[in-house]
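The values are calculated or read from the model by the stated rules, or taken from the named source; none is laboratory data. Worth saying up front: this structure is predicted, and the values here are computed from it rather than measured. Neighbour counts run over all protein chains shown; Cβ positions are idealised from the backbone, glycine included. In case anyone asks, the SASA skips ligands and DNA or RNA and just uses the protein heavy atoms, side chains included. Shrake-Rupley method; radii C 1.70, N 1.55, O 1.52, S 1.80 Å.
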Amino acid sequence: MSVPPEAPWTDPTDADVERAADRILAADTEVPAAELRAISDCVIRVSWISEASRIGEPTLAFLFDYWRGLDAAQPDGVPFAAQVDGIDLMPALGNIMLLDVERDGLDARYRLYGTKVASKAGRDWTGWLVSEMGRTTQTPATLLYRAGYRAVFQRRAALFTEHNSPPWVAAEAWRRLILPLCDETGNCIRFLVGNMAVGHRLMSEAQIEAQQRHLRKH
């Protein structure tokens, strides 16, 4: 059984990422539906978050409150990357991703890819660039991922996104919270990300085998 065909995929250029990030940055809170469609048909919601109550996902709300608690002593409101302690994140472990900023947020490298995320996504992407993962999976959400990181790098604020998954992923959709972390000079050097699967697709053994061929084709 083969993976169901998807629409033709185009590898986003840096200019594509910048334009999509600008659409996100133009919003004070919720990004309008027309702007979301311009990024990808798979996007459901993109919103700048200032209160945990606006997230609607308990694990992500916990992560936001943890991050907000770290920034109390920071003049620009962005916690230091060194402040993050994995022990304090136990309620969200498995759904956490840590990414190192690359090229001023135009790309990022997975430093940690949560086990629960990997289980649903079909692969652990630790060590890979977001752009490399996109070229391998050719998921329509690639531009959303990269634009979201670029926008957070620029605004230094919390961003929530929700998008539908391609048919070869066990999760029907994903809810993601991107949180910036800085170094002692104030530069954004890392992203603390919570990623929650929404729904579940029952996949046959043949579908799982087709998924793995798709994920490892390069």
Which residues, taken from the stretch 117-135, are farther than 14 Å from Asp100 by Cβ and touching a Lys or Arg at 6+ places or on another chain (Cβ under 8 Å)? Arg123, Gly134
Here are some residues: Ala108, Ala34, Ala21. Which one is among the hydrophobic types (A, V, I, L, M, F, W, C) and more than 15 Å from the chain's Cα centre (by Cα)? Ala34
Name the pairs: first residue in the stretch 111-127 and open to solvent by 50 Å² or more (accessible area, probe 1.4 Å), second residue hydroxyl-bearing (Ser, Thr, Tyr), Cβ to Cβ under 8 Å, at least 6 apart or on different chains? Arg111/Thr126; Leu112/Thr126; Asp124/Tyr113; Asp124/Thr115; Thr126/Tyr110; Thr126/Tyr113
Just wondering, is there one or more residues in the stretch 162-170 that are open to solvent by 10 Å² or more (accessible area, probe 1.4 Å), within 13 Å of the chain's Cα centre (by Cα), closer than 15 Å to Arg109 by Cα and not acidic (Asp, Glu)? no
Exactly one condition in (1) out of contact with any Gly (no Cβ under 6 Å at 6 or more places or on another chain); (2) outside any loop (DSSP other than H, G, I, E, B) is false for Asp41; which is it? (2)
For the structure I just gave you, tell me whether Glu51 is open to solvent by 70 Å² or more (accessible area, probe 1.4 Å) and not small (Gly, Ala, Ser). yes
Hey, can you tell me all the residues within the stretch 165-196 that are charged (D, E, K, R) and in a strand (DSSP E or B)? Arg175, Arg176, Arg190
What are the residue pairs meeting all of these: first residue in the stretch 143-160, first residue farther than 15 Å from Ala108 by Cα and open to solvent by less than 10 Å² (accessible area, probe 1.4 Å), second residue in a loop (DSSP other than H, G, I, E, B) and aliphatic (A, V, I, L, M), Cβ atoms under 8 Å, and 6 or more apart or on different chains? Phe160/Ile55
Checking Glu102, Glu35, Glu18 in turn, the sole residue that is modelled with pLDDT of 95 or more, crowded, with 16+ Cβ neighbours inside 10 Å and more than 20 Å from Trp174 (Cβ to Cβ) turns out to be Glu18
So Thr10 clears everything in (1) under 16 Å from His163 (Cβ atoms); (2) open to solvent by 70 Å² or more (accessible area, probe 1.4 Å); (3) assigned to a loop (DSSP other than H, G, I, E, B) except one condition, right? Which one? (1)
Where residues in the stretch 54-90 are assigned to a loop (DSSP other than H, G, I, E, B) and of a type outside the set (Val, Ile, Thr), which of them is least open to solvent (accessible area, probe 1.4 Å)? Pro79
